[in-house]
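Comments concern the structure below.
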Amino acid sequence: METQSSFEALRFGAEHVSHLPNVVGGELVLSKSPRNLAVLDPATGKTLTNVPLSTKGELDQAVKAAVKAQKEWGQVPVKDRVQVFFKLKQLFEAHLDALAEVIHKENGKTMDESRASLARGIECIEYATSLPQLVGGQTLEVSRGVECKLIRYPLGVVAGITPFNFPMMVPLWMVPLAIACGNAFILKPSEQTPISAVELSKLLKLAGLPAGIYSVVHGDREIVEAICDHPEIKAIGFVGSSKVAKLVHQRSTAANKRVRALGGAKNHLIVVPDADPEMAASNIVASVTGCAGQRCMAASVLVAVGNVENILTKVREKMAAIVPGRDIGPVISRGALERISGYIERAEKSGAKLVLDGRKNTSQCSKDGYYIGPSIIDNAPPSHESACDEIFGPVLTIVRCDTLEQALQIENANPYGNAAAIYTGSGEAAQLFTERASAGMVGINVGVPVPREPFAFGGWNDSRYGEGDITGLGAIDFWMQSKKVTAKWSASHKSNWMS
Ligand code: NAD
């Protein structure tokens, strides 16, 4: 194996390497694949590095090393395993700005957004450190003299497949907890933002994680399919678009694997006339435009109930004041820019009203970057493509209706179910909305209702394939298997049907 000489080689950035390594058996290993892709800085269009589209043989090598390493790691008591994550948290805090810089570079997020994504990732590391308090089994005398005991074991080698939009935070939803549970983890990051995954390997090594427990295998569809099929990989956490979530779920379950696949979103915000205008408007704008709209929790459809013109005016003013390149970063690629622009162009032609056109708001940005300002499409019928498709950019579609009941019907009819929110001053409206919204994560006057740890993250409907949430208590069950032991030590208890 050709390895990169030192773990410091990337120095929290990719400027120094022309080809990004995989991480196999604890080493940075250059792929021999003839297939590579340029990783572009979305702010300039310039090449940061090249990512290999690894071969199945390279995945096999990583899995082989992981299987070997996991045999020992799985035997380490959980109280000792989590020590790595106490140290990892400190390392993240010590290198926060350098890590934020990597995310900023490869993904285009602003530095503040990058730091915020790390803060949320650190929360997941903290949760993993509490595993000894959460993972204890259960013992009960189920019959006189007969004791039943539940013991949890790691699964072995598990994998994560992640999207471009949160290159460090989404891996951190899975990696710390799955490894603290005693597994070895193989990460296949997005080929558009693959650098953070390699940086994470350096920090895990510094934190004392044994070689082979965290591996990175770069690639595209071919390697994802190989992960789904691999007999030694026991479980897969996937986060990405619904189309791919569905494929990964079908293929992995056919191979008798556990899979929890989070998909895309079309999140509705319902605004009723008694909402606090300033709070609602600021919140809505932050939700639509944060991370240039490339969040699965971003507001995408505003359902305006009755006369909320005062709030809509504020939303429009605040969105118009956002300067791409200063307040929001670029979107991920030229393809994404063209897709988003296409929705705006077609909306204009299809009878909806384009009240803010982000295509015209990029004068302060690099011309080679993939920038687009916030846009608003108003008066869209609920069936309009801009009210139904995941646009994944800073675009707000406004759908109008007369009653909260109609607004709920519009929200409920959307096939996704990641997040939904209401802006209201009424407890009664908030309660009705909470009961009726068809989404796994709902907000009351909160536009990005991410449930913070220990509450688990996960959507409903077409936003998730497979059972359960990706973080929290349910994730511990997902990354572990349980054995039930029934024992009797004394021959004297013969008085019931069991003994
Ligand atoms: P994507 O589905 O294109 O890619 C996700 C992963 O799947 C990547 O690692 C990619 O290499 C791989 N992949 C892509 N096409 C594939 C194929 N045909 N077969 C097998 N693997 C394939 O998603 P993306 O564009 O990177 O990320 C944006 C999407 O992710 C949005 O839909 C967004 O809503 C979603 N997302 C969801 C959540 C959530 O928690 N629900 C969180 C973040 C992002």
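Read-outs throughout are calculated quantities, based only on the coordinates presented, and are distinct from any laboratory measurement. The structure presented is a predicted model; accordingly, all values stated were derived computationally and were not measured. A quick note on method: Cβ atoms are made from the backbone with ideal geometry, for glycine too, and the neighbour counts reach across all protein chains shown.
Structure data summary
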| item | result |
| --- | --- |
| Stokes-Einstein D (µm²/s) once Rh is taken as the Kirkwood radius of segment 40-156 over alpha-carbon pairs, at 37 °C in 0.692 mPa s | 179 µm²/s |
| Residue 67 versus residue 350: modelled label distance in nm, points set 7 Å from Cα along the beta carbon direction | 5.0 nm |
| Peptides ranked, highest mean first, by Cβ atoms within 10 Å: ranges 238-250, 476-488, 178-190 | 178-190, 238-250, 476-488 |
| Filter on 266/318; 109/246; 109/202; 46/202; 205/257; 79/243 - keep pairs with C-alpha separation over 30 Å | 79/243 |
| Simple Cβ-charge dipole of the chain, Lys/Arg +1 and Asp/Glu -1, about Cα centre, in debye nearest 20 | 1500 debye |
| Environment charge of residue 130, counting only residues whose C-beta is closer than 13 Å and scoring Lys/Arg +1, Asp/Glu -1 | 0 |
| Environment charge of residue 462, counting only residues whose C-beta is closer than 13 Å and scoring Lys/Arg +1, Asp/Glu -1 | +2 |
| Antiparallel bridge percentage (DSSP; both residues within the chain; nearest 5) | 40 percent |
| Order by protection proxy (mean Cβ within 10 Å, highest first), peptides 120-127, 297-304, 86-93 | 297-304, 120-127, 86-93 |
| Charge-dipole axis of the chain as Lys and Arg at +1 and Asp and Glu at -1 on Cβ define it, positive-most pick from 300, 204, 397 | 204 |
| Estimated dipole of segment 267-444 in Debye, rounded to 20 [Cβ of Lys and Arg +1, of Asp and Glu -1, Cα centre] | 680 debye |
| Theoretical FRET efficiency, 1/(1+(r/R0)^6), r = Cβ-Cβ of residue 46 and residue 86, R0 41 Å, to 0.05 | 0.60 |
| Length-normalised contact order of the chain in % [C-alpha pairs under 8 Å, at least 6 apart] | 17 percent |
| Computed [θ] at 222 nm, deg cm²/dmol, the chain (DSSP H ≥ 4; -39,500 (n - 2.57); rounded to nearest 500) | -11500 deg cm²/dmol |
| Simple Cβ-charge dipole of segment 7-159, Lys/Arg +1 and Asp/Glu -1, about Cα centre, in debye nearest 20 | 520 debye |
| Value in Å of the Kirkwood radius, where segment 267-444 supplies the Cα pairs that are averaged | 16.1 Å |
| FRET efficiency estimate (nearest 0.05) - Cβ-Cβ, residue 323 to residue 133, R0 41 angstrom | 0.35 |
| Neighbour-count order for 164, 455, 85, fewest beta carbons within 10 angstrom listed first | 455, 164, 85 |
| Charge dipole of segment 183-305 about the Cα centre (unit charges at C-beta), most positive-ward option of 264, 280, 253 | 253 |
| Two-decimal ratio, the chain, of alpha-carbon radius of gyration to 2.2 N^0.38 Å | 1.04 |
